[in-house]
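What follows is a short report on a single structure.
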Protein chains: 2
Amino acid sequence: MQAGIFHGANDVRVEEVPDSKLKSPVEAIVRVTYSCICGSDLWSYRGLSPKDKGARLGHEFIGEVVEVGKKVSKIKKGDFVIAPFWMIDGTCLMCKQGSSMACLNGSAWSRGDYDGGQGEMVRVPFADASLFPFPVRKALSKKLMPALLSLTDVMCTGHHAAVCAGVSKGSTVAVIGDGAVGLCAVLASKRLGAKRIIHLSSHKDRAAIGKKFGATETVSERGEAALAKIKKLTKGIGVDCVLECVGTKESWDSAFGIAKEGGKIGWVGIPYGAPEIKLADLFGKNVGIVGGRAPAHLYIPQLLPEVLSGKLDPSAIFDKTIKLKDLDAGYKAMDQRKAIKVMIDLT
Amino acid sequence: MQAGIFHGANDVRVEEVPDSKLKSPVEAIVRVTYSCICGSDLWSYRGLSPKDKGARLGHEFIGEVVEVGKKVSKIKKGDFVIAPFWMIDGTCLMCKQGSSMACLNGSAWSRGDYDGGQGEMVRVPFADASLFPFPVRKALSKKLMPALLSLTDVMCTGHHAAVCAGVSKGSTVAVIGDGAVGLCAVLASKRLGAKRIIHLSSHKDRAAIGKKFGATETVSERGEAALAKIKKLTKGIGVDCVLECVGTKESWDSAFGIAKEGGKIGWVGIPYGAPEIKLADLFGKNVGIVGGRAPAHLYIPQLLPEVLSGKLDPSAIFDKTIKLKDLDAGYKAMDQRKAIKVMIDLT
């Protein structure tokens, strides 16, 4: 089979590798139909975070189950499934009491001997806990695939930001970030009933998707100018909920600057450049900081029915589709900000 | 009138000062009946944080209203009142939309030309917003005073820790700290329905009050040993809610160490020694950090009826009562950990 392999900074290749094979009776083999490239994949591509030469690539995919082990009971051969970016066993102490993102056997894909999502097939170590079947209706299926694919990571991650920040009916929200996650955070805020959604975006094309997803205002300024603008928009009060979808020191400074007293920052941007929070700066402001890696497997059952009905449609985040053989071009497009998020069509 | 005055480290004195006088029509004068010394008062007493020589002392008091300005409508002469540690105007933009701890005219007592609570009288700048009347029934009044006094700060602050950490029916809670706030946090957790309350306390007398307040287990170990004990008590999972009532780097390390994945840290310990949080350490654990300065004026209306009925009784935190003239002895007792919290009887 063909799979994406990391060879070093700016060097990803698609190569022939052994077909995925079951290693235990709780596993399944999935033939990938659609995959995508994540903003976090760019870190190693840009040489900013370490990754072993020869490692597989990709952690977001949907596909068809082509084989299941003898102890797999929920998932069946022929099922079409969503595979969230973090696999869990569903049976350990942590999973059983609800802390499944701390699953004792949990892992991202593409680590150790785990297959990556940017390849033709994937061995899924804990099939029943890690895969979510969806019905395929021929008339709709192709059109729905991008939205279904978004549930593997970015839509659930944007939703996590909104949930963590306590977005609810009538909230005033600011979303920091106009990548795929930031845009999904706008959509999630709208879905949860936010009254005002101020989107910090300095790219016109991305801001336009933000508006489509429900942003009521766009702030294209950056840094201090953005803070001043939002303070003005909120009469000096700040916003109830900040959705931090970037992860840099600058974005965190903005988040603290625009949260109102008693507000919450829901954060999902993987911290980059080790931003630190000084508690003393926070004490008088009662600003809560809630977030981290999204428990996508908890959110998929909530969001999937709305995606299937067409009520929730994050598909506009995918603005480029490639074939697997053109994987490097996909990385380049995202690296050079020529694409928000690249879908890989393996059908 | 007599009032406590700061003269420098280890030097507080009670001196004659001009009687409190109204300066504006929205003010009231309160004759203090009971006051107390706060753990945070010790910082300047120990020379660890700056305070002007000559500054007034104290920010927790209850008393009788002896005079009101012409524009005071809610509060009346003769009312007995609770004065929370943070005064608010109740009328500014921030107060009006619910962020009253960011009141544009908000302040602690004993700052600038504000009177302190450790004195015979206090001018209250925003009487209607900053004072909470309570009925005085002669048979009960004396006995209830310590509990009423605790509502000025520590009971509301302990409650804030529990609210911020999301303590609810069935929660497993760990309370870090066995000062008055930590003990009140135990009581607040019990009140909110926690199933398990693990109290980190290495002082037998304080741990005993913790047990009385609802702690189901006491961990007397410190540092790594405490973490290991709590991990064992929770089968390696950690606790749902950590109530951080200390504010040092060590206490924060403990808080992160014992919070379960997806748990919350409710924090009210004023940060000391500038603890910093590295977001990268948090990302995979989904631990929320929510807290800060408690909005006591929002909690008093909820807690006061239960104090009056005797259902909520934090009075055991006061283990020493002094007269105002013995103020320095009160500070010394708390500084030397010979008292948890000192009440000043001005009746």
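Throughout, read-outs are computed from the coordinates displayed, never taken from laboratory work. For clarity, every value in this text was computed on a predicted model and none was experimentally measured. All Cβ positions, even for glycine, are placed from backbone atoms using ideal geometry, and neighbour counts span all protein chains on display.
Normalised by the number of residues in chain B, what is the relative contact order in percent for Cα pairs under 8 Å and 6+ residues apart?
So the answer I get is 18 percent.
For the pairs A:K204/A:K232; A:K235/B:K71; A:K285/B:K249; A:K249/A:K278, note any where the Cα-Cα span goes beyond 24 Å.
With Cα atoms farther than 24 Å apart: A:K235/B:K71.
Let me see the pair-distance distribution of the protein assembly as shown: every alpha carbon pair, 10 Å bin width, integer percents in order.
3, 14, 22, 22, 17, 11, 7, 4, 1
Let me make sure I get this right: for region B:1-129, a, b and c are the square roots of the gyration tensor eigenvalues over alpha carbons, sorted descending. Under 1.5 in a/c it's rounded, otherwise prolate if a/b > b/c, else oblate. Which is it?
Because a/c hits 1.5 or more and a/b fails to exceed b/c, region B:1-129 counts as oblate.
Could you bin all the Cα-Cα distances of region B:259-347 into 10 Å bins starting at 0 and give me the percent of pairs in each, rounded to whole numbers?
Here the calculated profile for region B:259-347 is 13, 24, 33, 22, 8, 1.
Any idea what the alpha-carbon Rg over 2.2 N^0.38 Å comes to for region B:95-180? The partial results should precede the final answer.
Working: Rg = 16.4 Å, N = 86, 2.2 N^0.38 = 12.0 Å.
So region B:95-180 has a normalised radius of gyration of 1.37.
Could you sort B:110-121, A:226-237 so that the peptide with the highest average Cβ count within 10 Å comes first and the rest follow in order?
Ranked by mean Cβ neighbours within 10 Å, highest first: B:110-121, A:226-237.
Above 40 Å lies some portion of the pair distances; for chain A, what is it as a whole percent of all C-alpha pairs?
It works out to 11 percent of all Cα pairs.
Treating the point 7 Å from Cα along Cα-beta-carbon as the label, what are the nm separations from B:V136 to the other copies, to one decimal?
For B:V136, the inter-copy label distances come out at 8.0 nm.
With an 8 Å cut-off on Cα pairs and a minimum separation of 6 or more residues, tell me the relative contact order of region B:154-291 in percent.
26
Rounded, prolate or oblate, given the Cα gyration tensor of region B:154-291, with a/c below 1.5 counting as rounded?
Taking the square roots of the gyration eigenvalues as a ≥ b ≥ c, region B:154-291 is rounded.
Counting only other chains, what is the mean number of Cβ atoms within 10 angstrom of the Cβ of each residue in peptide A:234-240?
3
What does the copy distance list look like for B:E306, label position 7 Å along Cα→Cβ, in nm and ordered from shortest?
List, nearest first: 3.4 nm.
How many partner chain Cβ atoms sit within 10 Å of a residue's Cβ in peptide B:258-268, on average, as a whole number?
Partner Cβ neighbours, averaged per residue: 4.
So for region B:1-61, what are the equivalent ellipsoid semi-axes in whole Å, largest first, each being the square root of 5 times an eigenvalue of the Cα gyration tensor?
23, 13, 11
B:K338 label points, 7 Å along Cα→Cβ, one per copy: pairwise distances from this copy to the rest in nm, shortest first?
Label-point separations across copies, in nm and ascending: 7.9.
Determine the gain in length on full extension of the stretch B:S168-B:A208; use 0.36 nm per residue of separation and subtract their C-alpha separation, reporting nm with one decimal.
Gain in length upon complete extension: 12.1 nm.
Rounded to whole Å and sorted largest first, what semi-axes of the equivalent ellipsoid does the C-alpha gyration tensor of region A:190-237 yield via the square root of 5 times each eigenvalue?
Working: eigenvalues 68, 47, 7 Å².
In descending order, the three semi-axes are 18, 15, 6 Å.
Which aspartates and glutamates, on any chain, are close to A:K23 with Cα under 17 Å apart, when same-chain ones fewer than 8 places away are left out?
Excluding near neighbours in sequence, the set is A:E67, A:D89, A:D113, A:D115, A:D128.
Please state the relative contact order of region A:17-170 as a whole percent: Cα pairs under 8 Å, 6+ residues apart? Write down the numbers at each step before the final one.
Values: 294 pairs, mean separation 45.0, N = 154.
Relative contact order for region A:17-170 comes out at 29 percent.
For B:S73 and B:R137, calculate 0.36 nm times their separation in residues minus their Cα-Cα distance, and state this gained length in nm to one decimal.
20.7 nm
How would you order A:297-303, A:45-51, A:246-252 from highest to lowest mean count of nearby Cβ atoms within 10 Å?
Those peptides, ordered most packed to least, come out A:246-252, A:297-303, A:45-51.
When you count, for each residue, the other Cβ atoms within 10 Å and take the mean per peptide, how do A:75-88, B:185-198 rank with the highest first?
B:185-198, A:75-88
Relative to the longest principal axis of the C-alpha atoms of chain A, give the angle of the C-alpha long axis of helix A:154-164, reported between 0 and 90° and rounded to the nearest 10°.
Once rounded, one gets 40 degrees.
Which value results for Rg/Rh of region B:28-97 when Rg is the Cα radius of gyration and Rh the Kirkwood radius based on the inverse mean 1/r?
Ratio of gyration radius to Kirkwood radius for region B:28-97: 1.05.
Just how far, in whole angstrom, is region B:108-148 from region A:1-77 if you go by their alpha carbon centroids?
Centre-to-centre (Cα) distance: 66 Å.
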